[in-house]
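Asker: Here's a structure for you.
The values are calculated or read from the model by the stated rules, or taken from the named source; none is laboratory data. None of these values were measured; they are calculated from a predicted model. Neighbour counts run over all protein chains shown; Cβ positions are idealised from the backbone, glycine included. Surface accessibility is based on the protein's heavy atoms, side chains included, excluding ligands, DNA and RNA. Shrake-Rupley method; radii C 1.70, N 1.55, O 1.52, S 1.80 Å.
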Number of protein chains: 2
Amino acid sequence: MDQQAIQSIVKEVVSRLTASSVNPHMIPIAVSARHCHLSKSDLEALFGEGYDLTKKADLSQPGQFAANETITIVGPRGSLEKVRILGPARNMTQVEVSQTDSIKLGVKAPLRESGDIKDSAPITLVGPKGSLYKKEGLIIAQAHIHMTPEDADHFNVENGEYVKVQVNGDRPVTLGKVLIRVSPRYKLEMHVDTDEANAGFITGKTMGKLMKGEGNAHD
Amino acid sequence: MDQQAIQSIVKEVVSRLTASSVNPHMIPIAVSARHCHLSKSDLEALFGEGYDLTKKADLSQPGQFAANETITIVGPRGSLEKVRILGPARNMTQVEVSQTDSIKLGVKAPLRESGDIKDSAPITLVGPKGSLYKKEGLIIAQAHIHMTPEDADHFNVENGEYVKVQVNGDRPVTLGKVLIRVSPRYKLEMHVDTDEANAGFITGKTMGKLMKGEGNAHD
């Protein structure tokens, strides 16, 4: 066995021990700032015919990336500039904001799982080559945890289950109704929005402890 | 005994039953938007010599009021307009913002108990008649519960203790390190900032359940 193979095995063993044995219930947390996903046709309406997004940085979930392109989103009471577009293009246009943003825009955005935009809030999108009024598409994303089927076994949870996650620190917080999303394509990571992050002083390096129960009083 | 005395007794009995027996651990929650308290001299520097605040509305804590007057606060990265002044004037000028605001201003405001502004963050205040650079005074207010000594007995807590408060709903959240503040002058009420409110969909009508323990994992 060559040196490189040994290094590779050592790295894998250490990684697995760190993830499951040393911190058996701990999950890395990522903070999602406001962002949008655009359909191909909406992208073209805002940036011009045949336009393709350009990659600024890869995201932690495989295949997903932050684009260099941004748009302005506008509600009846206010607007938010430089809202990052995430790629690649999706089937439906979806804008994810915090409750703080929602108040600033003057729109009552519902708390939803990503992809569930039926009867969500309306929003105006403004790009360099045009603007669009979407009758629905604005949501506050429900906190969720991406994980593989192996992670789900390890944590004893299943796809669609709600759990709570405790975060320690100067401003300890336990977030409830955190949705479990399982796919072999996913990488273990909890996603919270900026309100949840700021309420718990959660930064890019924070870990949370997964606990069974959705977090309401009857647990 | 006259009718008025009977009514008064009935009202008091109902009030106490509602507060302690029906909801033995429940506390009303108020959301504090960003605001500032000004010293008399800072008020005059911003609004002119001899200026007195005018009352817009009484606040729930006895003697405290929201003034009609607002100021703009400015940091190295951004500013916030129409920041409400709360009266009456205090010994020291203190500006209370959320972590979201702190990021927008580009200042790292510390989490502090109200009144504890030593070595807190710097902030520029702009009023209609002048502006001021304060070397300290900008804080993120620690979530706290105002209560009377009788309330403290009822909840089995003491002044200065940290507790956690659970809030049920669509976005359940448990806030930790919530400071107990006891005074005969206080009215039972928990104060959270807009980040904590928005992370838990807390509005002016939300109740929270007080629980012993500061909310970190070792509880």
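Asker: So which of A:LYS82/A:LYS134; B:LYS177/B:LYS212; B:LYS56/B:LYS118; B:LYS40/B:LYS82; A:LYS108/A:LYS135; A:LYS55/A:LYS177 end up more than 22 Å apart, counting from Cα to Cα? Intermediate results must be reported in sequence, preceding the final value.
Answerer: Values: A:LYS82/A:LYS134 18 Å; B:LYS177/B:LYS212 10 Å; B:LYS56/B:LYS118 30 Å; B:LYS40/B:LYS82 19 Å; A:LYS108/A:LYS135 13 Å; A:LYS55/A:LYS177 33 Å.
The answer is B:LYS56/B:LYS118; A:LYS55/A:LYS177.
Asker: Just round it to a whole percent: the fraction of Cα-Cα distances in region B:128-183 exceeding 14 Å.
Answerer: 65
Asker: Please compute how much accessible surface disappears when A pairs with B, both sides summed, using a 1.4 Å probe, and round it to the nearest 100 Å². Walk me through the numbers before you get to the answer.
Answerer: Numbers: alone 12240 and 12200 Å², together 22070 Å².
So the buried area, both faces added, is about 2400 Å².
Asker: Any idea what the dipole of the protein assembly as shown comes to, in debye rounded to 20, about its Cα centre with Lys/Arg Cβ at +1 and Asp/Glu Cβ at -1?
Answerer: With Lys and Arg at +1 and Asp and Glu at -1, about 700 debye.
Asker: Using the basic label-point model (7 angstrom from Cα toward the beta carbon), what is the A:MET92 to A:ALA5 distance in nanometres?
Answerer: Reported label-point gap for A:MET92 and A:ALA5 is 5.0 nm.
Asker: Counting every Cα pair in region A:100-208, what percent are over 18 Å apart?
Answerer: 58
Asker: Would you please report the Å³ per residue occupied by the convex hull of the alpha carbon atoms in region B:145-219?
Answerer: Spelled out: Cα convex hull of region B:145-219, divided by residues, is 90 Å³.
Asker: As a test, work out the antiparallel percent of DSSP beta bridges whose residues both lie in the protein assembly as shown, rounded to the nearest 5.
Answerer: Given both bridge residues lie in the protein assembly as shown, the antiparallel proportion sits at roughly 70 percent.
Asker: Same structure, new question: About the Cα centre, and with charges only on the beta carbon of Lys, Arg (+1) and Asp, Glu (-1), how big is the dipole of chain B? Nearest 20 debye, please. Let's see the in-between values first.
Answerer: Details: 26 positive and 27 negative charges, 96 e Å.
With only Lys, Arg, Asp and Glu charged at Cβ, the dipole is about 460 debye.
Asker: Report the calculated FRET efficiency for B:VAL31 and B:MET211 (r = Cβ-Cβ distance, R0 = 22 Å), to the nearest 0.05.
Answerer: Given R0 = 22 Å and the Cβ-Cβ separation, E is 0.60.
Asker: Sticking with this structure for a sec: Give the dimensionless ratio obtained when the Cα radius of gyration of region A:46-122 is divided by 2.2 N^0.38 Å.
Answerer: Region A:46-122 yields a ratio of 1.17.
Asker: Taking H placed 1.01 Å from N in the peptide plane, check which residues at least 5 places from B:GLU161 or on another chain put their amide H under 5 Å from its amide H.
Answerer: Distant-sequence amide H within range of B:GLU161: B:ILE180.
Asker: Return the aspartates and glutamates within reach of B:LYS104: Cα separation strictly under 15 angstrom, same-chain partners fewer than 8 residues apart disregarded; answer none if there are no such residues.
Answerer: Straight-distance partners of B:LYS104: A:GLU81, A:ASP101, A:ASP195, B:GLU81, B:GLU96, B:ASP195.
Asker: Shifting gears a bit: Within 10 Å of each Cβ in A:197-209, how many Cβ atoms from other chains are there, averaged over the peptide? The partial results should precede the final answer.
Answerer: Details: counts 4, 13, 16, 7, 4, 2, 0, 0, 0, 0, 0, 0, 1.
What the average comes to for A:197-209 is 4.
Asker: Ok, one more. Where does region A:102-145 land on Rg(C-alpha)/(2.2 N^0.38 Å)?
Answerer: 1.24
Asker: Check A:HIS144: other-chain or 5+ apart residues with amide H under 5 Å from its amide H, H built from backbone geometry?
Answerer: Those qualifying (amide H under 5 Å, at least 5 residues apart or on another chain) are A:LEU179, A:HIS191.
Asker: Using a loss threshold of 10 Å², tell me which positions in region B:142-191 are less accessible in the complex than in their chain alone. Probe radius 1.4 Å, ligands and nucleic acids ignored.
Answerer: Residues shielded by partner chains are B:GLN166, B:ASN168, B:GLY169, B:ASP170, B:ARG171, B:PRO172, B:VAL173, B:THR174, B:LEU175, B:GLY176, B:LYS177.
Asker: Determine the residues within region B:78-116 where the difference in accessible area between the chain on its own and the full set of protein chains amounts to at least 30 Å²; count protein heavy atoms only and use a 1.4 Å probe.
Answerer: SASA drop of 30 Å² or more in region B:78-116: B:GLN99, B:THR100, B:LEU111.
Asker: How far, in nm to one decimal, is A:MET92 from itself in the other copies if the label point is set 7 angstrom along Cα toward Cβ? Shortest first, please.
Answerer: 5.2
Asker: Ignoring ligands, DNA and RNA, please state the percent of accessible area on region B:49-190 from carbon and sulfur, probe 1.4 Å. Could the numbers behind the result be given before it?
Answerer: Values: 3140 of 6840 Å².
Carbon with sulfur: 46 percent of the solvent-accessible area.
Asker: Given label points at 7 Å from Cα along Cα→Cβ, what nm distances, shortest first, separate B:LYS56 from the same residue in every other copy?
Answerer: From this label point to the equivalent ones elsewhere in the assembly: 3.4 nm.
Asker: Per DSSP helix of 4 or more residues, -39500 (n - 2.57); summed, then divided by the residues of chain A. What does that give at 222 nm, rounded to the nearest 500?
Answerer: -5500 deg cm²/dmol
Asker: Output the direction-averaged projected area (hull surface divided by four) of the convex hull of the alpha-carbon atoms of the protein assembly as shown, in nm². Before the final figure, lay out each step's value.
Answerer: On the way: hull surface 111.6 nm².
Projected area, direction-averaged: 27.9 nm².
Asker: Continuing with the same structure: Taking only Cα atoms, what is the 0 to 90° angle, nearest 10, from helix B:3-16's long axis to the longest principal axis of chain B?
Answerer: Computed tilt is about 80 degrees.
Asker: What accessible area per residue, rounded to a whole number of Å², is obtained for chain B using a probe radius of 1.4 Å?
Answerer: 50
Asker: Roughly speaking, what is the stretch gain from B:GLN64 to B:ASP170, that is 0.36 nm per residue apart minus the C-alpha to C-alpha distance, in nm to one decimal?
Answerer: Values: separation 106, 0.36 × 106 = 38.16 nm, distance 3.23 nm.
Net length gain for the segment: 34.9 nm.
Asker: A:LYS135 to A:LYS187: extension gain in nm, 0.36 nm per residue of separation minus the Cα-Cα distance?
Answerer: Stretched fully, the A:LYS135-A:LYS187 segment lengthens by 15.4 nm.
Asker: Right, next: Could you size up the charge dipole of region A:58-106 around its Cα centre, putting +1 on the beta carbon of Lys and Arg and -1 on that of Asp and Glu, and report it in debye to the nearest 20?
Answerer: It works out to roughly 140 debye.
Asker: Here is a follow-up. Dividing the alpha-carbon Rg of region A:1-147 by 2.2 N^0.38 Å yields what?
Answerer: Scaled against compact globular proteins, the figure is 1.31.
Asker: Using a 1.4 Å probe and ignoring any ligands, DNA or RNA, find the accessible area of A:LYS187 and quote it in Å² to the nearest 10.
Answerer: 110
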